[in-house]
Amino acid sequence: MLLVAVAQRLRKQLGELDLARIGGDIFAVLGTDARCTPAALHALFAAPFSIDGQDVQVSSTLGLVRLVEHDGSGPDALKDADIALKRAKTRQRGGHFYFSRSMGVEIRERVRLMHALRRGFRRGQLFLAYQPQIDLANNRPYGAEALLRWRLEDGSLVPPDRFIPIAEYSGLIVEIGAWVLREACAELMRLRAAGHRDFTMSVNVSQAQFRHPQFVEVLRRALVETGAPPAFVELEITESMAMEDPGHLAEILAAVKQTGVSIAIDDFGTGFSSLSHLQRLQVDRLKIDRAFVSEITDSARSSIAEMVIQLGRNLGLSVIAEGVEDERQAQILHALGCPLAQGYLFSRPLSPQDLRVWLGTHGLG
Ligand code: C2E
Ligand code: MG
Ligand code: MG
């Protein structure tokens with residue numbers, strides 16, 4: 001009924017322009033630049049629609065293409081309008097975006113990368129690197145974080161910050177993430193077999209993966225099929241993730257906790273957590289974002305790192321600092337009561353072979 005009401009209003013107001021419904025709740029309008037201004041189109045939605053005697057207020061989001069600047073076919077123009085619309089929906093709901101060439105290039109590049117990633121994943125181009133985590137009390141290995149890597153055929157590496165958002169956006173992260181979990185658990189077992197029995201494996205889990213209905217099952221299967229002991233597996237979720245829909249998240253966390261694995265909040269301090277939410281979530285550890293670690297100078301007083309350490313102490317949560325690059329930072333963190341650290345000071349992310357060698361020279365983990 002709402003769609004019909006919208007269609008009727010558009011037809012009445014835009015009478016002489018071309019009008020079509022081209023998707024579930026998407027309408028297309030073709031007209032002159034003078035008539036099809038964002039302000040004029042938005043104005044059509046200013047008054048509520050009357051549905052079954054009820055006033056229903058809806059907003060509109062616009063994607064526009066200037067046909068004078070366009071040199072493709074009609075369907076191409078619609079596709080570009082859709083690209084602009086998607087941009088508007090993600091950046092500014094209720095607003096508008098004009099299509100620009102760079103937008104098209106960007107999207108095509110993203111689509112290209114997505115196909116390449118899917119292919120690369122099937123061909124085994126993805127692998128994990130492991131960055132040691134250190135117990136600051138005795139400088140011995142505590143565990144490692146598994147970090148995803150993608151090596152192209154020509155040998156070059158695509159940085160995770162570039163391909164992981166694409167994997168998330170396309171949903172591919174669900175499949176890739178399941179592989180990461182299993183591979184990290186399998187590596188944990190190989191390390192245990194090599195004598196590193198007191199060693200924890202941390203695995204990054206992204207939003208789309210974590211909220212997937214099968215996630216707990218995927219996790220359980222990775223544990224059972226590799227034999228990895230849950231007490232030595234930790235999942236890292238990001239702080240921004242922890243704050244979205246906390247009710248639902250609390251449920252997933254409870255189910256995850258039942259498997260016996262622990263949970264850390266990654267990049268802590270960057271996402272403006274609500275402390276009351278944090279208290280209610282079943283997490284075990286806060287991971288201080290490296291931005292706050294790099295801030296640590298001689299005057300460590302009242303640094304954000306110190307506040308996170310104290311917060312952890314007050315909430316009964318463990319804390320780990322990431323991005324520790326120099327001895328001074330490690331000393332200050334330790335003095336502030338931070339038990340664990342990770343960073344280039346101790347080691348870069350390593351191949352499984354190099355990790356073994358590194359562990360051999362840094363005491364048993
Ligand atoms: P993150 O989980 O916060 O991982 C820490 C990042 O900091 C890693 O970057 C690591 O190489 C880097 N790093 C470690 N020590 C230092 C240091 O001392 N100094 C500096 N400047 N950097 C340091 P990387 O490997 O490029 O990963 C980037 C992000 O990609 C990760 O951030 C994580 O959010 C994501 N990511 C990596 N692997 C996975 C994965 O398997 N699944 C998911 N969902 N995300 C992943
Ligand atoms: Mg992490
Ligand atoms: Mg982090």
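We did not get these values from a lab; they are worked out from the coordinates using the rules stated. Fair warning: this is a prediction, and the values are worked out from it, not measured in the lab. Reconstructed Cβ throughout: ideal geometry from the backbone, glycine too, with neighbour counts over all protein chains shown.
Could you state the number of Å between the C-alpha centres of the stretch 146-175 and the stretch 243-265?
Centre-to-centre distance over Cα atoms comes out at 25 Å.
Over the stretch 64-122, what per residue volume does the convex hull of the Cα atoms give, in whole Å³? Provide the component values of the computation, followed by the final result.
On the way: hull volume 5.4 nm³, N = 59.
Per residue, the Cα convex hull of the stretch 64-122 comes to 91 Å³.
When the chain is fully extended, how far beyond the present Cα-Cα distance does L275 get from A291, taking 0.36 nm per residue of separation? Walk me through the numbers on the way to the answer.
Numbers: separation 16, 0.36 × 16 = 5.76 nm, distance 2.02 nm.
Full extension of this stretch gives 3.7 nm more.
Which far-off residues, 5 or more places away or on another chain, put their amide H under 5 Å from the one on N139, with H placed in the peptide plane?
none
How much space per residue, in cubic angstrom, does the convex hull of the C-alpha atoms of the stretch 159-214 take up? Write down the numbers at each step before the final one.
On the way: hull volume 5.0 nm³, N = 56.
Dividing the Cα hull volume of the stretch 159-214 by its residues yields 90 Å³.
Would you compute the Debye intensity of the stretch 113-214 from its alpha-carbon atoms alone, equal scatterers and no solvent, and pass along log10 I(q)/I(0) at q = 0.15, 0.16, 0.24 Å⁻¹ to two decimals?
Here log10 of I(q) over I(0) equals -0.67, -0.75, -1.26.
Run the reach check for K79 against lysines, Cα to Cα strictly under 16 Å, same-chain hits fewer than 8 apart removed. What comes back?
K89
By how many degrees, between 0 and 90 and to the nearest 10, does the Cα long axis of helix 160-170 differ from the longest principal axis of the chain?
Once rounded, one gets 50 degrees.
Using only the alpha-carbon atoms, how far is helix 215-226 inclined from the longest principal axis of the chain? Give it as 0 to 90 degrees, nearest 10.
30
Along each of the three principal axes of the Cα atoms of the stretch 255-295, give the extent in whole Å, ordering the values from largest to smallest.
37, 21, 10
Per 0.36 nm of contour for each residue apart, how much would the distance between R162 and D76 grow if the chain were fully extended, relative to their Cα-Cα spacing?
Details: separation 86, 0.36 × 86 = 30.96 nm, distance 2.73 nm.
The R162-D76 span can extend by a further 28.2 nm.
Quick one: which of 96-109, 343-356 comes out on top by average Cβ neighbours within 10 Å, and what's the full order, highest first? Intermediate results must be reported in sequence, preceding the final value.
Numbers: 96-109: 14.9, 343-356: 16.5.
Those peptides, ordered most packed to least, come out 343-356, 96-109.
Using the basic label-point model (7 angstrom from Cα toward the beta carbon), what is the I51 to E325 distance in nanometres?
If labels sit at I51 and E325, their model points lie 5.3 nm apart.
For a bin width of 10 Å, list the pair-distance distribution of the stretch 23-146 built from all Cα-Cα distances, rounded to whole %.
Reading upward from the zero bin: 10, 27, 21, 15, 13, 10, 4, 0.
Once the principal axes of the Cα atoms of the chain are found, what is the range along each, listed largest first in whole angstroms?
Extents along the principal axes, in whole Å: 79, 48, 43.
Give me the Kirkwood hydrodynamic radius of the stretch 1-58 in Å, from all C-alpha pairs, to one decimal place?
Working: mean 1/r = 0.0829 Å⁻¹.
About 12.1 Å for the stretch 1-58.
In a Debye calculation with equal point scatterers on the alpha-carbon sites of the stretch 204-344 and no solvent, what is log10 I(q)/I(0) at q = 0.08, 0.12, 0.20 Å⁻¹?
Ignoring solvent entirely, the Cα scatterers give -0.23, -0.50, -1.15.
Taking K257 as the anchor, which lysines have their alpha carbon closer than 29 Å to its alpha carbon, excluding any fewer than eight residues away along the same chain?
K287
Per 10 Å bin, what percent of the C-alpha pairs of the stretch 293-365 does each bin hold, from zero upward?
Going out from 0 Å in 10 Å bins, the stretch 293-365 shows 19, 45, 26, 11, 0 percent.
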